[in-house]
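A short write-up of the structure that comes next.
Read-outs: derived from the displayed coordinates by stated rules, not from any lab. Everything numeric in this text was worked out from a predicted model, so none of it was measured. Here the Cβ positions follow ideal geometry from the backbone for every residue, glycine too, while neighbour counts run over all protein chains shown.
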């Protein structure tokens with residue numbers, strides 16, 4: 001570390017060390033056996049884990065071994081131990097996912113199997129549109145569930161039009177069987193401090209549960225002058241009756257980001273060298289303020305011992321505003337660049353609902369699990385924009401390496417009412433679904449078949465006066481078939497054919513396009529996947545091989561030599577890959593979460609065949625992760641951790657003339673459980689990117705050749721006490 005970073009971390013380190021020393025001294029005064037039991041119990045509760053299973057859409061909560069899909073969940077202990085500030089930092093543990101940003105703003109996007117998953121399309125307890133849209137603070141959630149692969153049948157079409165390669169579902173915290181009273185203090189370099197609380201209790205002999213948790217943190221992070229402030233508060237009330245289960249989750253999140261380091265657009269024939277790891281090329285006028293109030297009410301009723309009805313309803317009221325900036329490099333050697341700014345106020349009002357019936361029965365030695373139901377998502381987006389590029393959209397002069405401070409440019413183009421934005425789009429998604437999972441030979445063979453009828457309606461409105469300018473109303477059927485074969489109790493083999501579904505494109509309005517404004521039906525991606533899952537004691541491993549094809553749109557000449565073109569779904573991207581994932585306890589006290597994936601993402605049927613066979617932009621050739629924890633046998637209550645994150649080469653453009661190299665990042669950490677007044681205290685220290693490596697982390701972008709720089713070395717420390 002530099003002298004500056006050591007000074008900044010000295011005070012938190014001294015505090016943690018003093019607390020640990022005092023606690024250890026006190027522990028020696030107590031009964032050794034009792035002390036050891038409390039420490040061991042707390043140490044076990046802090047174990048970072050992967051749960052093999054989760055909510056598989058309309059099929060409900062299932063162990064991974066019973067479904068023909070790739071699913072796993074990361075638990076709340078991982079979130080507590082690794083101290084992530086965003087959902088993307090949690091998903092860094094997954095060997096099939098990498099994180100990037102949207103254009104200019106603090107909107108995390110996730111690349112799964114080579115396809116994007118927008119923050120808009122993250123699920124909350126099985127519902128779309130309810131989760132905060134850009135940045136998600138992870139403290140409110142008990143599990144982060146990852147389903148690899150398409151899921152249009154399981155979850156319905158994602159309203160943001162993404163999720164072809166996989167989906168993420170967040171499970172809110174609710175009261176468990178044991179009471180919990182925990183407070184946490186935390187620090188992140190360079191001067192980001194905060195705290196959290198988590199309280200859980202059950203009343204009325206366990207029938208009623210209450211969970212309250214919240215967190216607040218504020219200050220500069222490791223990137224120079226980048227400031228973040230996050231406040232979250234969540235409450236969950238649930239009831240467990242004999243035949244009825246009810247729950248209510250209410251959550252609040254407010255995030256402020258200043259001087260977010262933006263993505264870098266490349267307008268040169270070579271890639272610029274990576275700036276200093278902590279250097280920030282954002283301008284001081286940039287900021288983003290996000291506020292969300294959201295919640296879900298859910299009910300389940302066991303009509304009989306084999307038939308259950310369920311329903312859920314969720315809503316989100318969100319607002320955001322900010323001035324976002326971008327930087328476009330025009331000289332790769334010197335770093336000379338132009339900058340631009342964009343002010344966007346936005347509000348969202350979303351609702352989502354789902355109802356269904358699940359029945360289990362046997363007939364003639366064959367088991368059935370039937371699922372029928374429907375779902376709806378309603379979204380209203382109000383926003384306006386103010387492009388602040390200066391006269392002639394020229395932008396301002398800046399530099400990637402020696403970034404000057406400039407004034408906010410004047411307005412170039414304004415759309416909508418900046419003070420009170422009116423609706424610019426309304427989206428309605430409605431669907432009906434039915435499926436049957438048939439069990440043969442004592443359920444050693446499980447065959448799932450089903451279909452979902454999905455309707456998509458999108459209405460667009462003018463930024464000028466709010467009048468309706470377009471209407472899109474189409475529907476499609478997405479079937480699924482999958483099989484699971486269990487030759488032994490701990491081995492399951494699976495295969496599936498499932499589709500993704502997104503809103504069809506609209507032909508642009510252009511004098512050269514012969515079908516301007518034509519709205520295409522929702523288009524489907526088709527996935528084939530097979531693999532296996534093996535569980536040996538507390539150790540799990542899975543292997544999956546997949547292929548996904550997704551259509552793409554562009555314009556082609558209507559005849560040879562003609563200047564007129566027809567816009568349509570003529571192109572295709574085909575992704576093939578292999579995924580390996582392992583987790584569990586290799587030996588007593590030695591745990592691992594690891595894996596790797598290879599993705600062969602190719603462009604096909606491109607315009608004029610120019611880019612046929614090229615690799616898709618921003619899709620790494622391979623990914624690899626290894627997270628290791630070791631409970632030191634010679635230091636009671638101590639655990640050391642290490643993580644490796646590796647990402648393969650990425651293409652920066654469709655022509656494959658620009659690439660960014662593979663990169664590897666190392667993280668280290670430790671935690672120590674001691675006693676204070678017979679209460680367990682867990683001290684944690686983590687250092688991400690120990691070597692302070694500078695690297696381009698992602699080249700994924702939907703609009704241009706743009707790069708995201710990896711975060712610099714980041715020191716984290718926290719202390720939690722359970723009462």
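Taken as Cα centroids, the range 440-479 and the range 598-616 sit 28 Å apart, rounded to the nearest whole angstrom. The slack in the chain from residue 44 to residue 330, taken as 0.36 nm per residue of separation less the alpha-carbon distance, amounts to 97.6 nm. Based on Cα contacts under 8 Å between residues 6+ apart, the range 303-432 shows a relative contact order of 27 percent. Taking each residue as 0.36 nm, the span from residue 632 to residue 178 lengthens on full extension beyond its C-alpha to C-alpha distance by 160.7 nm. Given labels modelled 7 Å from the Cα in the Cβ direction, how far is it in nm from residue 588 to residue 563? Going by the 7 Å Cα→Cβ label model, 8.2 nm. The ranking of 244, 484 by Cβ neighbour count inside 10 Å, starting from the fewest, reads 244, 484. For the chain, the 222 nm mean residue ellipticity estimated from helices alone, with every DSSP H stretch of n ≥ 4 adding -39500 (n - 2.57) and the total spread over all residues, rounds to -2500 deg cm²/dmol.
Taking the number of Cβ atoms within 10 Å of each Cβ as an exposure proxy, the fewest-first ranking of 76, 278 is 76, 278. Normalised by the number of residues in the chain, the average gap of Cα pairs under 8 Å and 6 or more apart makes the relative contact order 12 percent. Sorting 414-420, 53-59 by their mean Cβ neighbour count within 10 Å, with the most densely packed peptide first, gives 53-59, 414-420. Each residue, residue 539 and residue 703, gets one label point 7 Å from its Cα in the Cβ direction; the gap between the two is 4.9 nm. When all alpha carbon pairs of the chain are counted in 10 Å bins from zero, the resulting P(r) reads 3, 13, 24, 28, 20, 9, 3, 0, 0, 0 %.
Within 10 Å of each residue's Cβ, count the other Cβ atoms and sort 703, 69, 723 from fewest upward. Don't skip to the end; give the middle numbers.
Working: 703 8, 69 27, 723 11.
Ranked by crowding around the Cβ, least crowded first: 703, 723, 69.
Spin-label model, residue 191 to residue 515: label points 7 Å out along the Cα-to-beta-carbon direction sit 5.9 nm apart.
Take the alpha-carbon centre of the range 292-308, take the same for the range 403-428, and report the distance between them in whole Å. So the two Cα centres are separated by 41 Å.
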